[in-house]
1. Normalising by the residue count of segment 198-344, find the relative contact order in percent from Cα pairs under 8 Å and 6+ residues apart.
2. Let me know the shape class of segment 272-403, please: from the alpha-carbon gyration tensor, a ≥ b ≥ c as square roots of the eigenvalues, rounded when a/c is under 1.5, otherwise prolate if a/b is greater than b/c, or oblate.
3. Over 30 Å between Cα atoms, which of 483/529; 481/615; 558/615; 70/335 qualify?
4. Please list 312, 552 from largest to smallest accessible area, probe radius 1.4 Å, with all protein chains kept in place.
5. Explain nothing, just compute: Karplus ³J(HN,Hα) = 6.51 cos²θ - 1.76 cosθ + 1.60, θ = phi - 60°, for every residue of segment 375-383 in order, whole Hz, x for Gly and Pro.
6. Along segment 484-489, what does the Karplus equation 6.51 cos²θ - 1.76 cosθ + 1.60 (θ = phi - 60°) give for ³J(HN,Hα), rounded to whole Hz, x for Gly and Pro?
7. Quick one: order 443, 533 from most to least accessible surface, probe 1.4 Å.
8. Can you tell me what percent of all Cα-Cα pairs in segment 218-276 are more than 13 Å apart?
Amino acid sequence: FNKHFILFFRRGDPPAWAHWSKMRDELNTSLLVGGVKVEAALKQVESELSNWKCNKYTHITRAVQVTDQKVIDLETIFSRPAQDCPVPVAVVFVQFHLDTSTGSLSYQFEQENVQHEVGGQGLAPGMYERWLDRIIGDKLQVRQLHDLATPFEQTRLVPPPTMVEEEKVPEPGQEKTVEEALAPAAGQVSEKPGAKEQAGDKLELSTLLANIFDAADEEDEFELSHKEVADLLYATPLGLTDWDIKLLLTTATEFETGKIEYRPFVQAAPEIIEALLKRRAAFEERMGPEAVQVSMEDIELCFGDEIEEISRSTREAFASLDSGGTGALTRHEFKTCLMNRIERLSLQEVQMLMQMCKEDDLASVLYEEFPMLLQQLRADAYRNALVETDVGMLRTHLILLGRRMGLPPDNIMPVWDIRNVLLSADQLCLSRMMIHVILSIVHPDDHGDVDFGYFLQVCCTVIPWMFDSAAFNEKAATIAKDKADAQAKQELEELQGITSSLANKKRGLDEEDQEDTQANAPDRDAVEKSLIHVGNQADEKHRSQPTLEVRRFLEAMKHESVQACQLSEAELRGFIAEAEIDERGDVAYVDHIKTWVPIIFELRKSRIYDSILAKEWGPHEDHLINLSSYEAQFPLHLTGDDEDQRPGSAASSARSKEKKGAGRKNGSKTSTGHERGRSGQPGSAKKALSRNSSRSIARSDSQSSLGSEKNDSRAGSRAPSRTG
């Protein structure tokens, strides 16, 4: 219980103290050392500990490092918390060492030189608990002889006063609220609100967290560093997994100083924790005990080129701020660099990377490890696809985001608003390339409008497939086989006596032909120049910063010169959907072209999405999921709509001023399967589009409240949102 609290309550114990600096830097459980997984080593240690029968102690075991490339070093911390003293004053460290080459497991107690071997010379049965008692007793005796407690510790370690009186049943209307529990008098320690056991888990957890964070705030600043908040959450027995704790951390508002004002966070945390626990339980029940895992090798195989390109882009941003070449940035600088590459990283990825990045003693982020962090994030996203693989929760989350974006009664939204829904879907760990792929397969009409019901069908079909671990492993195996076949073919050609230089030249020409999609397609530079030329011809304003109105931009994309670029229909749809629209309703087409044409050419080389892009995803395709059964659980709109009198979609009609007042049919399926007419309302599209631009969303959605839609849906079908 509260293992990290030794940081605050135990003084004068340097050898044990040193372990806490690396407590959270544990090894990845899927790491292989000498053919043995770290997860297997942990299970072997826990199996041995079960034979110790130390029932009055609680313990936690972690893998901390690998020595000599064959020995897994693990560490178990024993403590004995009590009801009146939940924060243990003394703990015992036991170091385990598993030699993967021999399979031998040995251990030693802290500050002792004797090495015990499991199955060999060691303590007699029944002696382990006594041994721990002796070490704990020695520490407590030293503490009594040398009073090392600080005045701060003395105020926190005294027994709570008048506990019996606090358990009285409060009079009606006199119960303390969460806000009152979080607002102690100046100079006093937060006390538990006067409520008995029936007050509920939320209030108890809120009080517990308030007391914990208040105890850590020695200076009474009501702020703690991000690392301190993370350590406290990891130390508190919340029942959350590592991924869920990171999700919880993303809901905290972090200042530029790296500090977090913890009181609002503590106030909202109980409801968020409850939602996370329910969601995790549903995920584990759905996946079962033998869920398919994704390996780091497959992540490297499928996303290696993409991760390398993202790393190259961010490396340039890191270097621009790290003028001294120290290899470290402040948390705010690190996040700023990531947000400046928002076309490469989604907001969801940035939020999680900020919780995964490691900090040095000065609270600076070591950015050289960024590629490995991103690779680890991709693997963890597959292992924790709680919402992505649940159609009901996924649909609910997207509907709630659509409502916040101003989903009109006719369900018609501009494709740029659809993009912003995906960008703000912070319950989904979608990569930026995944979002682009979804935008590429969604079919808007000629005016750039999309039926939201059809959009839900596409997302609820594609996203669960994207995060299907079994399908991903099959795809990785196919890619690996194709690479092996290509390598074998190359070796065979060399063995058959073909001159190496001629063979290399021929292979180089073949690769160029593949990149040109087996045709004489223009290269990236030619496509950029051609598209810029088309934009210049359509630009009638000729400003210093070239821009096009949305309507002119859509018309320009239908020009015959664009067709000569040989972009596929999916590529062109994705290119249009990614356009940034400013407050005037204009597109800075030159910057847009230079940003997204390189990404389109990178996507051509990727094998992981080719099966999705090869399919047809029109509104009436049979492979789209039928969501009608979910409408009763969570309706698309809060109240019934009048079928005969529906307000027009201002965002789409304003782009067609010459058709003012004229209705038109959408031509795509709505959530009920009917086509609906709309009347134009010109003049407000520019405001709507600029209000929902992706960059403004990416910069403003950093604060979120995962439990904010508790009243919006049923517990079984809702996906708690962190979107603010």
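The values are calculated or read from the model by the stated rules, or taken from the named source; none is laboratory data. Quick caveat: nothing in here was measured; it's all calculated off a predicted structure. Quick reminder, even Gly has a Cβ in these numbers, built from the backbone with ideal geometry, and neighbours come from all protein chains shown. The protein model used for the area step is the full one, side chains on, heavy atoms only, and it has no ligands, DNA or RNA in it. Shrake-Rupley method; radii C 1.70, N 1.55, O 1.52, S 1.80 Å.
1. 23 percent
2. prolate
3. Violating the 30 Å Cα-Cα cut-off are 483/529; 70/335.
4. The residues order as 312, 552, largest area first.
5. Coupling constants for segment 375-383: 5, 5, 4, 4, 5, 5, 4, 5, 6 Hz.
6. In residue order, the calculated couplings are 5, 5, 5, 5, 5, 5 Hz.
7. Putting 443, 533 in descending order of accessible area: 533, 443.
8. 60 percent
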